[in-house]
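Engineer: The following block contains the structure, expressed as structure tokens.
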Amino acid sequence: MKRFAWFGVLSVIFIIGLLTGGCAKKPPSTQQPSPIEEEFHVYIAFGQSNMAGWGEIRPQDKTGISGRWQTLNVVDGTYAGENRVKGQWYKAVPPLIIPDMGINIGLGPSDYFGRTLAAGTPEHIKIGVVAVANGDMALAAFHKTKANNYYQGVGAVSGRPSAMEMLGMNRYKNAGYANMYDAIIQNARIAQQTGVIKGIIAHQGESGVGLSGIAWAAMLKEIYDDMLADLGLAPNSIPILLGQTWNGGSGQTDGALAGDSVIQTVLPNAWIISSRGCSGRNGNRRPDNLHFGSAGIELLGARYGEKMLELVYKN
């Protein structure tokens, strides 16, 4: 009987302990944020033809690609024989952006930008890109609110928007986006579900701003500010890298791509990527003074990557 009595007392003590233990003050949690959010670093890439990828894809461009380098597909379609679904991540095998008008090309600076980041960051960091671009796009095509006026010809400079711009816009509209800006934001928000937006790369300038009455740098600032606000990022909190047009040029950007000191008077966290020495589509020749060849695109993309490594990872 004594054995059963002691057993009953101990049982009561145990139950009381369970009931009162939950009311005891617990030490602060040491649990860290999700490692996926911390270790998946995502970049936005946008622009016109050189960003879209007018470099021919060579055999070496499709091999040796790290599984840590991924692209979030923006438009359903067949990419060099692979069927890719909108809103899904894929290994970043070029082309990353569906080719203009079905042209069988597609190597852009984002390809070697990502390769450079993957090679220069620790193994536990994954790199992703949200890439939206199309040939001949004026900068106004990427504006949150002014793009609609631009495409209706309101305030557009002579000859704008072009037939290729309209083709590109319709492609993105048919994919379910209101405009190019909407395509960027929708997919960047998908990326934020598993990653962190760390920066932006852009290549635009050959077609200029597209609208009269506003400077190229001022419109770029509006686009950048709107993007950060819509993605819940603090003002000027991430770098935006801007590639020069052919042979170190500024194209139709009012000289904004001349150097860091020029653009940073408007955008403090903007950085210019030199295009000096980046070859054209036929070796060192420049058949149209606009487009880089595969080797030139590779070099330009690596320069984007090296600068981002310096700014974000302090390499």
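The values are calculated or read from the model by the stated rules, or taken from the named source; none is laboratory data. Worth saying up front: this structure is predicted, and the values here are computed from it rather than measured. In this analysis, Cβ positions are derived from the backbone assuming ideal geometry, glycine residues included, and neighbour counts consider all displayed protein chains.
Engineer: Can you name the residue in the range 282-300 that is more than 17 Å from residue 112 (Cα to Cα) and either among the basic types (Lys, Arg) or assigned to a loop (DSSP other than H, G, I, E, B) (or both) and, of all such residues, is modelled with the highest pLDDT?
Structural biologist: Here the residue is 290.
Engineer: Restricting attention to the range 51-68, does a residue exist that is buried (at least 24 other Cβ atoms within 10 Å of the Cβ) and modelled with pLDDT of 95 or more?
Structural biologist: Yes, the range 51-68 contains at least one residue that is buried (at least 24 other Cβ atoms within 10 Å of the Cβ) and modelled with pLDDT of 95 or more.
Engineer: Of all the helices (runs of 4 or more DSSP H) wholly in the range 160-273, which have at least 2 residues that are under 30 Å from residue 89 (Cα atoms) and more than 16 Å from the chain's Cα centre (by Cα)?
Structural biologist: Hits in the range 160-273: 163-174, 216-230.
Engineer: When you look at residue 303, is it within 23 Å of residue 52 (Cβ to Cβ), of a type in the set (Lys, Arg) and assigned to a loop (DSSP other than H, G, I, E, B), yes or no?
Structural biologist: Criteria not met by residue 303.
Engineer: Taking the conditions exactly as written (β-branched (Val, Ile, Thr), farther than 18 Å from residue 45 by Cα and out of contact with any Leu (no Cβ under 8 Å at 6 or more places or on another chain)), does residue 312 satisfy them or not?
Structural biologist: no
Engineer: For residue 191, indicate whether it is surrounded by 18 or more Cβ atoms within 10 Å (Cβ to Cβ) and either touching a Cys at 6+ places or on another chain (Cβ under 9 Å) or farther than 30 Å from residue 278 by Cα (or both).
Structural biologist: yes
Engineer: Scan the range 70-81 and give yes if some residue there is surrounded by fewer than 14 Cβ atoms within 10 Å (Cβ to Cβ), part of a helix (DSSP H, G or I) and at negative phi, otherwise no.
Structural biologist: Within the range 70-81, not a single residue is surrounded by fewer than 14 Cβ atoms within 10 Å (Cβ to Cβ), part of a helix (DSSP H, G or I) and at negative phi.
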